[in-house]
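The values are calculated or read from the model by the stated rules, or taken from the named source; none is laboratory data. Keep in mind it's a predicted model, so treat the numbers as computed, not measured. Cβ sites come from the backbone with ideal geometry, for glycine too, and all protein chains shown count toward neighbours.
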Amino acid sequence: MSEHYYTQKPSVKSDVHTTQEVLRGKTFTFLTDAGVFSKKGVDYGSKHLIETMDLPDNASVLDVGCGYGPMGLSAAVICPKGHVTMVDINERAIELSIENAKRNGITNVTILQSDLLEQVKNKRFDVVLTNPPIRAGKETVHRIFVDAYDCLVDGGSLWVVIQKKQGAPSAVKKLETMYSDVVEVSKDKGYRILKATK
């Protein structure tokens, strides 16, 4: 099996380049690299979630599988009085996220290398965001849902973007077994934005 972005140490040769993206009306400059998710620019699913998510300006937010940072850094801008913790297993993604936070002048973030939520299991968040690593398999995706539930405050919400053809129906079923309320907030081009409230 060829290596994918859900790996701790990408072995693919580094190929850094810069991309500019307008997200929630703000222009971001991102460094990206080979061996990380959506290296050529922010993927449609992440953009759709960024444009849809509704976050209090003082929220404590967790971005699971942050990649080079577009969702977490956008959340940090939306929540100027809050704080965003960003986690990814991929050390190259973590280095890029740290650099991208600096490049965009964003300071209300903590960026940690973590296998899913391992490094934050003792912390509690108002909101968890994820564009889950579908290629890592259903078991991994569902583990994010379970661990996110444990990390959310009562009344907190998990926001997920997932394609219909990549398991949205089974994701909804799994979420409905755990969360008190699961709604499809938006759908576009086959992408579903799900909000599951604890």
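Which residues, counting only those in the stretch 183-193, are modelled with pLDDT of 95 or more and over 18 Å from the mean Cα position of the chain (by Cα)?
Result: 183, single match.
Any idea how many residues of the stretch 47-70 are buried (at least 24 other Cβ atoms within 10 Å of the Cβ), more than 21 Å from residue 29 (Cβ to Cβ) and of a type in the set (A, V, I, L, M, F, W, C)?
Residues flagged as buried (at least 24 other Cβ atoms within 10 Å of the Cβ), more than 21 Å from residue 29 (Cβ to Cβ) and of a type in the set (A, V, I, L, M, F, W, C) within the stretch 47-70 amount to 3.
What is the residue count in the stretch 77-97 for residues that are over 18 Å from residue 34 (Cβ atoms) and out of contact with any Asp or Glu (no Cβ under 9 Å at 6 or more places or on another chain)? Spell out how you get there, then give the answer.
Going through the stretch 77-97, the residues over 18 Å from residue 34 (Cβ atoms) turn out to be 77-87.
When the remaining residues are screened for being out of contact with any Asp or Glu (no Cβ under 9 Å at 6 or more places or on another chain), the result is 77, 83.
Final tally of qualifying residues: 2.
I'm told residue 105 meets every condition in (1) touching a Leu at 6+ places or on another chain (Cβ under 6 Å); (2) closer than 17 Å to residue 27 by Cβ except one. Can you identify the failing condition by its number?
(1)
Identify the residue in the stretch 177-193 that is not small (Gly, Ala, Ser) and not in a strand (DSSP E or B) and, among all such residues, is surrounded by the most Cβ atoms within 10 Å (Cβ to Cβ). Talk me through it step by step, then tell me what you get.
First, pick out the residues of the stretch 177-193 that are not small (Gly, Ala, Ser): 177-179, 181-185, 187-189, 191-193.
If we keep only those that are not in a strand (DSSP E or B) as well, we get 177-179, 189.
Working: 177: 10, 178: 16, 179: 21, 189: 9.
Applying the filter and picking the extreme gives 179.
Scanning the stretch 18-46 for residues that are under 16 Å from residue 77 (Cα atoms) and out of contact with any strand residue (DSSP E or B) (no Cβ under 9 Å at 6 or more places or on another chain), which turns out surrounded by the fewest Cβ atoms within 10 Å (Cβ to Cβ)?
Restricting to residues being under 16 Å from residue 77 (Cα atoms) and out of contact with any strand residue (DSSP E or B) (no Cβ under 9 Å at 6 or more places or on another chain), the top hit is 25.
Looking only at residues that are among the acidic types (Asp, Glu) and either in contact (Cβ under 8 Å) with a residue 40 or more places away in the chain or surrounded by fewer than 19 Cβ atoms within 10 Å (Cβ to Cβ) (or both) in the stretch 75-127, which one is nearest to residue 198 (Cα to Cα)?
Applying the filter and picking the extreme gives 126.
Within the stretch 120-139, how many residues are within 19 Å of residue 90 (Cβ to Cβ), over 14 Å from the mean Cα position of the chain (by Cα) and not in a loop (DSSP other than H, G, I, E, B)?
Result for the stretch 120-139: 4.
Just need a number here: residues in the stretch 150-164 that are under 15 Å from the mean Cα position of the chain (by Cα), of a type outside the set (A, V, I, L, M, F, W, C) and at pLDDT 95 or above.
Within the stretch 150-164, residues that are under 15 Å from the mean Cα position of the chain (by Cα), of a type outside the set (A, V, I, L, M, F, W, C) and at pLDDT 95 or above number 1.
Exactly one condition in (1) crowded, with 22+ Cβ neighbours inside 10 Å; (2) under 14 Å from the mean Cα position of the chain (by Cα) is not met by residue 196; state its number.
Result: residue 196 passes all but (2).
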